[in-house]
Amino acid sequence: TVTAETYDFGTEVGRLLDLVVHSLYSDREIFLRELVANAADATDKRRFLALSDGALALPENPAIKISTDKLTQTITISDHGTGMSKEELADHLGTIARSGTAAFTSSLAAKSPEERPSLIGQFGVGFYSAFMVADEVEVISRKAGHQEAWAWLSNGKGKYTIKPAARDESGTTIILHIKPEAEEFLEPLRIKTIIRKWADHIALPIELEEDGKFASVTEGNALWRRNKSEISKEDYTAFYRHTGHAWDEPWATIHWRAEGTLEFSALLFIPSSKPFMPVEETRESKVRLHVKRMFITDEARLLPNWLSFVTGVVDTEDLPLNVSREILQATPVLDKIRKALVNRVLSELKSQAKDSETFKTFQDNFGAVLKEGLYDDTGHAADIAGLLRFASTKEDATTLDDYIARMPEGQSDIYYLAGDATNLKTSPQLEGFAEKGYEVLLLADPIDAFWPTRMESYKDKKLKSASQAASLFAPAESSADITALCENLAKALEGKVSGVTASTRLKDSPAMLVASEAGPDLAMQRMLRRAGR
Ligand code: ADP
Ligand code: MG
């Protein structure tokens, strides 16, 4: 007869366990994410293996089942996955160098993507996170296609024991004996909240036992991984509202799958209305990052601030599941994804911009945010500027390209006036331009005081503030009276203006302020004064 055998963990496991329990995970609730990921992984694996060996077929309704028991202070998680043999228990849970999943994945690499089930978890530390909340872990497993079952037991302190066990079906059951200080995890509600947060998008049902009955706690629906043609508008809207905490319809839904050197699925939304946003809230992209369907973080800043209104999900194959904050910051994978996302969103905006009514809705909501890109992102400024519509002295809304097309002979630059929407139109600055037949863009967003000087030009046309364009206009013929008036005004305004000159520029107004051609224009000077500088 076979009895219990006790083994030492490989030396690296001891070290790793210490690391995992004490420092790797800042938030111990993710033990559940790791164990659920393993269960989902094993089930996917079995589904895949059953394709070539019918004897391994999954039961009719495979699920991950979770129950808690306050009496015995345990959490039990069971699955219908591949299960593990005695050797596999020792290999996969007793050593770290070999990760069953990683080996499995590399053997699959030769196959086509359609043949590969979606596997979760490449990195070999996930299981040990159980010891963050448990002082004793039992794993009872029966390998699919085998009759015997085995139990693996450990307190995570250097040794583990393997002994014969009983299990009716193939699969794995993990029993966590919860530490007193982790008692909170014995509350089904707590478990439910964690599952919804981290594993809402695992396709497999995750069932929680409450009052003696198991009920599914997730939607089990990784919408972004499904084929566009299978998804209705209502599905998209429901998903958008759920993940984006929104109530409106999406203005744009951008769903695609990148394949080749970089593999990811993205489902992004642009809202159709401005969300209520407290002023102090940081405006960073909250697009969710998933790795192989599992939610990782919404703080990966997948889009730049000037696209922070975009919501949604990006799911990649190219990162390990338990990717750390440090890896997230350093990995070139995310940089490439970021680049691809920005380009895709911009091309969507470009195509929507063909319909000026539709685009107006967008720009009214988010134009001011988008304009931050004109200032912050020199690489994309020209693309962004090409999309935007501006009010002008001739049009309610014009693109820069249309503005350029209307430029009369002799005009070589683009003129704008930044300021308050209420009095831009009646500004005396515009009088001379009207006379010349030059159109002036009227820019009323606060950021408009800044980006044109940063951008300098659009399609080789300089962007010039109307308040600095004195040289466009011929000086007035001077008479003794006018010279005296100018001198007196200059004296009266000493310290406030650097000079007073006569100009032919004004038609109806007697006087106005202009800015010198070097340095900040009037709008920028006003902003700087307001900021106390
Ligand atoms: P990873 O999932 O990144 O490989 P883990 O530490 O989470 O690392 O798990 C180690 C290995 O243990 C897995 O690769 C898998 O082979 C095995 N394993 C863990 N949980 C299960 C399970 N529920 N069913 C079958 N195998 C499992
Ligand atoms: Mg894992």
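Since every read-out is calculated from the coordinates, none of them should be taken as a lab result. In this text, all values refer to a predicted model and were calculated from it rather than measured experimentally. Positions of Cβ are backbone-derived with ideal geometry, glycine not excepted, and every protein chain shown enters the neighbour counts.
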I need the Kirkwood Rh of the range 350-493: take the reciprocal of the average 1/r across all distinct C-alpha pairs and report it in angstrom. 16.7 Å
Please get the size of the charge dipole for the chain, origin at its Cα centre, with Cβ charges of +1 on Lys and Arg and -1 on Asp and Glu, quoted in debye to the nearest 20. 480 debye
Order by neighbour count: V217, V440, fewest other Cβ atoms within 10 Å first, most last. V217, V440
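Apply 1/(1 + (r/R0)^6) to the Cβ-Cβ distance of E5 and N227, taking R0 = 51 Å, and write down the FRET efficiency to the nearest 0.05. The partial results should precede the final answer.
Details: r = 49 Å, r/R0 = 0.96.
Approximately 0.55, to the nearest 0.05.
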Listed by chain and number, the residues whose amide H is under 5 Å from that of T297, excluding neighbours fewer than 5 places away on the same chain and using placed H, are L289
Radius of gyration, Dmax [the range 196-274; alpha carbons; angstrom]: 15.0, 49
Rounded to 0.05, the calculated FRET efficiency for the beta carbons of E60 and E259 at R₀ = 41 Å is 0.80
Give me W306, W198 ranked fewest to most by other Cβ atoms within 10 Å of their Cβ, as a rough exposure proxy. W198, W306
With label points set 7 Å from each Cα along the Cα-to-Cβ direction at E181 and D318, the distance between them in nm comes to 4.0 nm
Going Cα to Cα from K436, which lysines come in below 24 Å? Please leave out same-chain ones fewer than 8 positions away. K394, K425, K459, K461, K462, K464, K507
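How much length, in nm to one decimal, is gained on full extension between E234 and E87, taken as 0.36 nm per residue of separation minus their Cα-Cα distance? Each step should come with its number before you reach the end.
Working: separation 147, 0.36 × 147 = 52.92 nm, distance 4.84 nm.
Extra length from E234 to E87 when fully extended: 48.1 nm.
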Given 0.36 nm per residue, what is the gain on full extension from S457 to A166 after removing their alpha carbon distance, in nm? 97.2 nm
Would you work out the relative contact order for the chain, in percent, from Cα pairs under 8 angstrom that are 6 or more residues apart? 10 percent
Computed Rg/Rh for the range 267-410 (Cα atoms; Rh = Kirkwood radius) stands at 1.04
May I ask for the distance between the Cα centers of the range 430-502 and the range 338-407, given as a whole number of Å? 27 Å
Can you run the Rg to Rh ratio on the range 413-481? Use alpha carbon positions and the Kirkwood inverse-distance Rh. 1.03
Given the Cα-Cα distance of K159 and E357 and 0.36 nm per residue of separation, how much length would full extension add, in nm? 64.4 nm
Expressed as an acute angle from 0 to 90° and rounded to the nearest 10, what is the orientation of the C-alpha long axis of helix 480-492 relative to the principal long axis of the chain? 40 degrees
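Which order do K163, K233 fall in if you start with the one that has the fewest other Cβ atoms within 10 Å?
Working: K163 14, K233 10.
By the 10 Å Cβ count, ascending, the order reads K233, K163.
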Among the DSSP beta bridges whose two residues both lie in the range 412-533, what percent are antiparallel, rounded to the nearest 5? 25 percent
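Given a cut-off of 18 Å, what percent of all Cα-Cα pairs of the range 309-389 lie beyond it?
Values: 1647 of 3240 pairs.
More than 18 Å apart: 51 percent of the Cα pairs in the range 309-389.
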Kirkwood hydrodynamic radius over Cα pairs of the chain, then Stokes diffusion coefficient at 37 °C and 0.692 mPa s, in µm²/s: 118 µm²/s
If you restrict to DSSP beta bridges whose two residues both lie in the chain, what percentage is antiparallel, to the nearest 5? 80 percent
